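First comes the structure, then the notes that go with it.
The values are calculated or read from the model by the stated rules, or taken from the named source; none is laboratory data. None of these values were measured; they are calculated from a predicted model. Cβ atoms come from the backbone with ideal geometry, glycine included; neighbour counts cover every protein chain shown. Ligands, DNA and RNA are stripped out before the accessible areas are found, and what is left, the full protein with its side chains, is counted by its heavy atoms. Shrake-Rupley method; radii C 1.70, N 1.55, O 1.52, S 1.80 Å.
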Amino acid sequence: LHSFPTRRSSDLGTLREQRDRYCEQIFAGRLYSYLSGASRGALSRAAVYGIAVNLEGLRAVSGEEVDRLRGMTGEWQRYALAYREQPQGMVSELWTVYGVLRGWLMAEERISREERKAAHRAGGDFLVELEGNNKEKELGLSTMECLQEARTQYLAAEDYEPARKVTDRISGILIRGGLYREVIRVNTEVLAGEKHPSPMTWIAGAYTDQSDYEQARQWYEQGLAAAAETDLQEAAVGWHGLATID
């Protein structure tokens, strides 16, 4: 093994980029052109998902009826733009857009920025509703996986209020598992788009549980300043956190 040179990660990244560019330039455009206009639009909107979804999930982001989508998905599969899977024990078939094509399909030449954001938002709403009805297993997902994908969709849509609410759910699960660094990371990402006290108090709580009281105090104080006199619930969390530290 030691007689062979090891490829650097940067070399592998360059090779992947070249492969992706080759697929896009040589194959994707030609295959995509074989689809009808409606089918092309639906495929570009379906590409927002990073997971396999059923026809209902595709309907949510595309706006097409399920009966029409059955024909479209068959077309996508025929031209090697998406593939179908039906895991053992699952009733419904799941569809996945090939990962190597997702960025190309969502480029502005094929779908406008507003359409893409609307599709991301609709995808997030679909996943939150699915999890709320305890049906995430229809996609072969755990509760956490479903919430994480919903959060990804909302962040991509730059829709920070629902992203924050889903992050609250995720943070509660992570805190119970002692995954404090992950709590800090996911809430910091939400704060990049919206300065709301809730992510600040989650971060403060993660530091408190690690006995890093100086950092915790700073974050609780930031949360109180953000809550001001308009969000009494978050202000109460902040005051309780500071009292706990004292």
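Tabulated values for the structure
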quantity: Within the accessible area of the range 107-190 (1.4 Å probe), percent carbon and sulfur; calculated: 46
quantity: Solvent-accessible surface (1.4 angstrom probe) belonging to Tyr213, in square angstrom, nearest 10; calculated: 100
quantity: Along each principal axis, Cα extent of the chain, largest first, Å; calculated: 66, 57, 39
quantity: Neighbourhood charge, 10 Å Cβ-Cβ cut-off, centred on Gly50 and excluding it, Lys, Arg +1 and Asp, Glu -1; calculated: 0
quantity: Using alpha-carbon coordinates, inclination of helix 143-156 to the longest axis of the chain, degrees; calculated: 80
quantity: Principal-axis tilt of helix 160-176 within the chain, Cα atoms, nearest 10 degrees; calculated: 70
quantity: Solvent-accessible ranking of Ile203, Ile173, largest area first, probe 1.4 Å; calculated: Ile173, Ile203
quantity: Debye equation applied to the C-alpha atoms of the range 157-246, log10 I(q)/I(0) at 0.15, 0.24 Å⁻¹; calculated: -0.49, -1.23
quantity: Rel. contact order, % - alpha carbon contacts under 8 angstrom, at least six apart, the chain; calculated: 13
quantity: Rounded tilt (10° steps) of 180-191 against the dominant C-alpha axis of the chain; calculated: 80
quantity: Accessible area in the full protein assembly, largest first, 1.4 Å probe, for Thr230, Thr143, Thr73; calculated: Thr230, Thr143, Thr73
quantity: The chain - accessible surface per residue (Å², probe 1.4 Å); calculated: 56
quantity: Cα-based radius of gyration of the range 109-224 once divided by 2.2 N^0.38 Å, which approximates compact folds; calculated: 1.15
quantity: Sequence of Val237, Val53 when ordered by accessible area, the most exposed leading, probe 1.4 angstrom; calculated: Val237, Val53
